[in-house]
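Colleague: For reference, the structure I am asking about is given below.
The values are calculated or read from the model by the stated rules, or taken from the named source; none is laboratory data. Bear in mind that the values here come from a model prediction, so they are computed numbers and not experimental data. Note that we place each Cβ from the backbone using ideal geometry, even for glycine, and neighbour counts take in every protein chain shown. To get the accessible areas, we keep the full protein, side chains included, count just its heavy atoms, and leave off ligands, DNA and RNA. Shrake-Rupley method; radii C 1.70, N 1.55, O 1.52, S 1.80 Å.
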Amino acid sequence: NKPGNYELLGKLTLLELISLAGGLTGTPSDRVVVIRKYKSGKSSSLVIELDELMLKGNPKYNLPLQPGDIINIPLESYLDIYVFGQVNSPGHIKVKKEGDITLLRAIAQAGGFSGRARKSAVLIKRKVDGKEIKIKVNVKRILRGKRADVILKNNDIIHVPESIL
């Protein structure tokens, strides 16, 4: 709530510092990153699961802080993906950035294929360096394990055409 520099007066833990800073605001990520600098000049980062610290109250994650520690609690971030055509719930979907976002995951979030979907000719439209490119994907091959799933990018548009049959 109140980001900034905080002076360590005595011993202070991570949870106490978060409270001093007014708690969490917005939609925080599910982790806290503590960047610690050592006298040798080297630094390391510690990743702490926010649920373990805040919800479960696991004391193992309530680190004692040291002078110079940098605490970062990033906001949750999402990809915007648009799925149209022969899916059960076409439209805009927000996908939480957790690892790679794939074509199959986006189609699943759009309710899956409708009964009239042409899975062999799914089209992904993507902007690359200001130009639109089209990627034709045979999802049947992905489902059979004969092709890797396609990793999506922010603002990709997926079109699932209608089968002629």
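Colleague: What are the residues in the stretch 106-154 that are part of a strand (DSSP E or B), surrounded by 15 or more Cβ atoms within 10 Å (Cβ to Cβ) and among the hydrophobic types (A, V, I, L, M, F, W, C), if any?
Modeller: 113, 117, 122, 123, 124, 137
Colleague: Also, quick follow-up: Among 95, 139, 150, 128, which is the only one that is over 28 Å from residue 29 (Cβ atoms) and either under 24 Å from the mean Cα position of the chain (by Cα) or modelled with pLDDT under 95 (or both)?
Modeller: On the way: 95 fails: over 28 Å from residue 29 (Cβ atoms); 150 fails: over 28 Å from residue 29 (Cβ atoms); 128 fails: over 28 Å from residue 29 (Cβ atoms).
139 is the lone residue from the list that is over 28 Å from residue 29 (Cβ atoms) and either under 24 Å from the mean Cα position of the chain (by Cα) or modelled with pLDDT under 95 (or both).
Colleague: Turning to a different aspect of this structure: Looking only at the stretch 6-25, decide whether some residue is free of Cβ contacts under 8 Å to residues at least 24 places away in the same chain and of a type in the set (Lys, Arg).
Modeller: The answer is no; no qualifying residue exists.
Colleague: Need pairs with beta-carbon distance below 9 Å; first residue free of Cβ contacts under 8 Å to residues at least 60 places away in the same chain and within the stretch 151-165, second surrounded by 12 or more Cβ atoms within 10 Å (Cβ to Cβ) and charged (D, E, K, R); sequence gap 6+ or separate chains.
Modeller: From the stretch 151-165, the pairs are 164/118; 165/116; 165/118.
Colleague: Got a number for residues in the stretch 74-88 being modelled with pLDDT of 95 or more, in a strand (DSSP E or B) and open to solvent by 40 Å² or more (accessible area, probe 1.4 Å)?
Modeller: Count: 2.
Colleague: Any residue at all in the stretch 46-56 that is open to solvent by less than 40 Å² (accessible area, probe 1.4 Å), closer than 24 Å to residue 1 by Cα, touching a strand residue (DSSP E or B) at 6+ places or on another chain (Cβ under 6 Å) and part of a strand (DSSP E or B)?
Modeller: Checking the stretch 46-56: at least one residue is open to solvent by less than 40 Å² (accessible area, probe 1.4 Å), closer than 24 Å to residue 1 by Cα, touching a strand residue (DSSP E or B) at 6+ places or on another chain (Cβ under 6 Å) and part of a strand (DSSP E or B).
Colleague: Report, by residue number, each residue of the stretch 89-105 that is closer than 22 Å to residue 162 by Cβ and open to solvent by less than 40 Å² (accessible area, probe 1.4 Å).
Modeller: 91, 93, 103, listed by residue number.
Colleague: For the stretch 1-45, which positions are of a type in the set (D, E, K, R), in a strand (DSSP E or B) and over 23 Å from residue 78 (Cα atoms)? First the steps, then the outcome.
Modeller: Let us first name the residues in the stretch 1-45 that are of a type in the set (D, E, K, R), namely 2, 7, 11, 16, 30-31, 36-37, 39, 42.
Of the ones still in play, those that are also in a strand (DSSP E or B) are 31, 36-37.
The answer is 36, 37.
Colleague: May I ask you to list the residues in the stretch 57-71 that are charged (D, E, K, R) and within 20 Å of residue 3 (Cβ to Cβ)? Explain how you work it out, then say what you get.
Modeller: Within the stretch 57-71, the first condition is being charged (D, E, K, R), and the residues that meet it are 60, 69.
Scanning the stretch 57-71 gives a single hit, 69.
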